1. If I model a spin label at E58 and I17 as a point 7 Å from the Cα along the Cα→Cβ vector, what separation in nanometres do I get?
2. Could you give each residue of the stretch 7-18 its phi-based ³J(HN,Hα) in whole Hz, using Karplus coefficients 6.51, -1.76, 1.60 with θ = phi - 60°, and x for Gly or Pro?
3. Taking the Cα atoms only, what angle lies between the long axis of helix 31-51 and the longest principal axis of the chain, rounded to 10 degrees?
4. When percent of Cα pairs over 20 Å apart is calculated directly from the model, which label among [x] 44; [y] 37; [z] 29 fits?
5. Just to verify a number: FRET efficiency for L51 and T25, C-beta to C-beta distance, R0 = 25 Å, to 0.05?
6. I'd like to compare 25-37, 8-20: which one has the highest average count of other Cβ atoms within 10 Å, and what's the full order after that?
Amino acid sequence: MHIIWTVIWSFLIGLMIAYVIPSMTGGHFELELGLILGAIFSVFIILISSLMPEGEKEDPLH
């Protein structure tokens, strides 16, 4: 389930970056750039999270 949310948020952030940065510089919105950024963010975050160690599980009673 966390992968689905990662992909959704990555695409939203990629689209936001593709909208905000050109708006500040006087450019125009390009959907393809936002989708490419979202795909790159998704792959990068999923790759990083799969390489990180799990860590110790804590006992909820302590």
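We did not get these values from a lab; they are worked out from the coordinates using the rules stated. It should be emphasised that the depicted structure is a prediction, and the values quoted were computed from it without experimental measurement. Note that each Cβ is placed from the backbone with ideal geometry, even for glycine, and that neighbours are counted across all protein chains shown.
1. Computed distance between label sites E58 and I17 equals 3.2 nm.
2. 5, 4, 5, 5, 5, 5, 5, x, 5, 5, 5, 5
3. The angle comes out at about 20 degrees.
4. Here the calculated entry is [x].
5. Once the sixth-power term is evaluated, E becomes 0.10.
6. Working: 25-37: 11.8, 8-20: 15.7.
The peptides rank, most packed first, as 8-20, 25-37.
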